[in-house]
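A short reminder: the numbers here are calculations on the coordinates, not readings from a lab. Bear in mind the structure is a predicted one, so any value in this text is a computation, not a measurement. No Cβ is skipped: glycine too gets one built from the backbone with ideal geometry, and neighbour counts run over all protein chains shown.
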């Protein structure tokens, strides 16, 4: 982006960048393993079915009520699972 801005405009687009590690899901909730709303990057690359996503929720230490919320979120966000660029 900086190189393109220098080429087209002759200036840098910004002088300061602020980074932080907080990432939110589509519902605005903080993404966290303890909330069950994170997706393994390898599953994004290789693809994963919705059923396998749900199975992953039961392998952790989530409270049963959080498992229900996470499963509902997964069904809404990924109704057909995740089809990665290298999935079969």
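Counting other C-beta atoms within 10 Å, which of 45, 23, 17 has the fewest, and how do the rest follow?
Ranked by crowding around the Cβ, least crowded first: 17, 23, 45.
Within 10 Å of each residue's Cβ, count the other Cβ atoms and sort 24, 83 from fewest upward.
24, 83
So between residue 77 and residue 58, what do we pick up on full extension, going 0.36 nm a residue minus the alpha carbon distance?
So the extension gain works out to 5.0 nm.
Once the Cα atoms of helix 64-77 and of the chain are each reduced to a long axis, what angle between those two axes, in degrees from 0 to 90 to the nearest 10, is obtained?
With rounding to tens, the tilt is 50 degrees.
What is the gain in length, in nm to one decimal, between residue 23 and residue 7 on full extension, counting 0.36 nm per residue of separation less the C-alpha to C-alpha distance?
Additional length available on full extension: 2.6 nm.
Label-point separation (nm) for residue 49 and residue 14, each offset 7 Å from Cα along Cα-to-Cβ?
For residue 49 paired with residue 14, the spin-label model returns 4.2 nm.
With only alpha-carbon atoms counted, please give the Rg and Dmax of region 24-88, in Å.
Cα only, region 24-88: 11.3, 33 Å (Rg, Dmax).
How much mean residue ellipticity at 222 nm does the chain get from its helices, if each DSSP H run of length 4 or more adds -39500 (n - 2.57) and you divide by all residues, to the nearest 500 deg cm²/dmol?
-12500 deg cm²/dmol
Using the 10 angstrom Cβ neighbour count as an exposure proxy, how do 31, 1 rank, fewest first?
Fewest-to-most ranking of 31, 1: 1, 31.
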